[in-house]
Amino acid sequence: MTTERWGSFQIHVRLVGFYILATATVKGQDQEIYGDIYPNTRAELNLYYNTQHREEKCYRDVPAIFFQFKEEEPIMGNSSIPNYLRFEKCCEGYVATSRPLDLDSNKCVPDCSLVSANNCRNGFCRSSQHCECFEGFVANSKGNCVHTCPLGCENGHCLLDGTCICNPGYSLESETRKFCIPQCSHIPCGLNQECVAPGECQCQVGYQWLDFLGCQPICQPGCGFGRCVAPQECECFAGYIKRPGRNICEAECKINCLNGFCESFYKCQCFNGFVYDSLSQTCLPHCPDSCEHGVCIAPGICRCFEGYYLWDNICRPICENGCGPYGKCVKPNTCACGSDQQHCSGGGQCTSEGKCRCPFGMQHFIDRCLYPFKVQSKIFTTAERLHYDKELKYEFEALIGRFFQF
């Protein structure tokens, strides 16, 4: 290749390289960067967690009744507190993450949602109180990382020299001078308020407007024997305390009293929608319709046991094969026939005479249809014998027990 051609080839390669680089840069500018930078290999993953994040895990004890799915199964717990289940969770200020490379999908990483409205998008969440924006971004008044000139200027536009010019009704933020904030100079905002648009004031996050009182802090679900002095911050009255991990003022006591607060040593005051349960020594959700054959998992919300479905706030049994026109479903896959309500399960149907008619080749054994050769195998275990003993008593009462005087 001649010297002239070689020089031309080099120039051509350089131009192609510059084109690819410029194209990639434009595409990068057009696309907003979301979330934290995350590693692509397992080696980078280990370095990432060792240098950027410190795993913080705590524990939470929950009444075991919330995890009962079968009506007759015993309520078992694994906590040091009777009838409670202990679960691992991220400590306050941390959140669980599930990333493709995580060997443990329950890694706890810092959560910046309290200091950044969009949880540190376009930046690093270094800790629960510190969001570090990427280069070319700056934290605005809400803690969100927004573009700075020459990429962009919030509530304004950029000049060619990189200067940010604000829209009417806005002015440069005094500290960084890299984004524009609304002005309410002619209508000064009151205590715990912020200017959200030109001439428009609203309560700050964590505050609510109350007539005659202005913007007052919010403490959910309440402070008990105390007063709310800042968002989610209670100040206790004299003689009352906050237990570890709780932000509610209560008396000293020896009971759990979740979803409520202690009035005295052994007395719990439950929040609205909860009632005290002596077995778990805490406040459990209340369902006005009693939630029979189910568990009340939240105020007014009933979760039915397996074999039942919710209809008109009542847990009704499911009979997969139906009961026919002369029977009704009284228990999961158990029909009741006639006025005596003889039980019929295992694929049987109720007849017009109120009897259980089994499929061909099967016989009615106490409460169900079985093949004769399977009868003996159904009474091997203690649980099965107890079940049939209970059913025999029921059948006796249903069929002829009423004719006897005891």
- Message: Exactly one of these conditions fails for Leu279: (1) open to solvent by 80 Å² or more (accessible area, probe 1.4 Å); (2) more than 28 Å from Cys189 (Cα to Cα); (3) out of contact with any helix residue (DSSP H, G or I) (no Cβ under 9 Å at 6 or more places or on another chain). Give me its number.
- Response: (3)
- Query: Taking the condition part of a loop (DSSP other than H, G, I, E, B), at negative phi, at pLDDT below 90 and surrounded by 19 or more Cβ atoms within 10 Å (Cβ to Cβ), does Ser116 pass?
  - Reply: yes
- Task: Having 3 or more residues that are touching a Cys at 6+ places or on another chain (Cβ under 9 Å) and under 30 Å from Lys267 (Cβ atoms) is the bar; report the strands (runs of 3 or more DSSP E) wholly within the range 157-256 that clear it.
- Result: 226-230, 233-236
- Name the pairs: first residue in the range 63-76 and over 16 Å from Asp277 (Cβ atoms), second residue basic (Lys, Arg) and buried (at least 16 other Cβ atoms within 10 Å of the Cβ), Cβ to Cβ under 9 Å, at least 6 apart or on different chains? Phe69/Arg303
- Note on the structure: The condition of being within 30 Å of Tyr371 (Cβ to Cβ) and open to solvent by 50 Å² or more (accessible area, probe 1.4 Å) holds, among Pro332, Pro325, Pro288, Pro299, only for Pro325
- Note on the structure: Those residues of the range 134-154 which are in a loop (DSSP other than H, G, I, E, B) and under 35 Å from the mean Cα position of the chain (by Cα) amount to Phe134, Glu135, Gly136, Asn140, Ser141, Lys142, Gly143, Asn144, Glu154
- Message: Which residue is modelled with the lowest pLDDT, if the candidates are limited to the range 343-378 and must be in a loop (DSSP other than H, G, I, E, B) and touching a Phe, Trp or Tyr at 6+ places or on another chain (Cβ under 8 Å)?
- Response: Val375
- Item | Sole residue being assigned by the TED database to the domain that holds Lys142 and at negative phi, chosen from Pro168, Pro231, Pro221 | Pro168
- Task: Might you check whether a residue that is at pLDDT 70 or above, touching a Phe, Trp or Tyr at 6+ places or on another chain (Cβ under 6 Å) and of a type outside the set (A, V, I, L, M, F, W, C) occurs anywhere in the range 333-342?
- Result: no
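Condition check ((1) modelled with pLDDT of 85 or more; (2) out of contact with any Lys or Arg (no Cβ under 9 Å at 6 or more places or on another chain); (3) assigned by the TED database to the domain that holds Gly143; (4) open to solvent by 90 Å² or more (accessible area, probe 1.4 Å)) across all residues:
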{"position": "Lys70", "(1), (2), (3), (4)": "yes, yes, yes, yes"}
{"position": "Ile75", "(1), (2), (3), (4)": "no, yes, yes, no"}
{"position": "Pro82", "(1), (2), (3), (4)": "no, yes, yes, yes"}
{"position": "Thr97", "(1), (2), (3), (4)": "no, no, yes, no"}
- Task: Only one of these is open to solvent by less than 30 Å² (accessible area, probe 1.4 Å) and outside the structural domain of Glu71 (by the TED database): Gly361, Gly338, Gly354. Name it.
- Result: Gly354
- Item | In the range 302-311, residue farthest from Ile65 (Cα to Cα) [restricted to those that are in a strand (DSSP E or B) and open to solvent by 50 Å² or more (accessible area, probe 1.4 Å)] | Trp311
- Item | Looking only at the range 179-188, and only at residues there that are open to solvent by 50 Å² or more (accessible area, probe 1.4 Å) and of a type outside the set (A, V, I, L, M, F, W, C), the one that is nearest to Cys133 (Cα to Cα) | Gln183
- For residues that are over 23 Å from Ile218 (Cα atoms) and within 22 Å of the chain's Cα centre (by Cα), tally how many sit in the range 245-274. 1
- Within the range 125-157, tally of residues that are open to solvent by 40 Å² or more (accessible area, probe 1.4 Å), hydrophobic (A, V, I, L, M, F, W, C) and farther than 15 Å from Glu173 by Cα: 1
- State yes or no: is Thr176 out of contact with any Ser or Thr (no Cβ under 9 Å at 6 or more places or on another chain), farther than 30 Å from Cys90 by Cα, at pLDDT below 90 and open to solvent by less than 60 Å² (accessible area, probe 1.4 Å)? no
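The values are calculated or read from the model by the stated rules, or taken from the named source; none is laboratory data. Keep in mind it's a predicted model, so treat the numbers as computed, not measured. Cβ: placed from backbone, ideal geometry, glycine included. Neighbour counts: every protein chain shown. When the accessible area is computed, the model is the full protein with side chains, heavy atoms only, and any ligands, DNA or RNA have been set aside. Shrake-Rupley method; radii C 1.70, N 1.55, O 1.52, S 1.80 Å.
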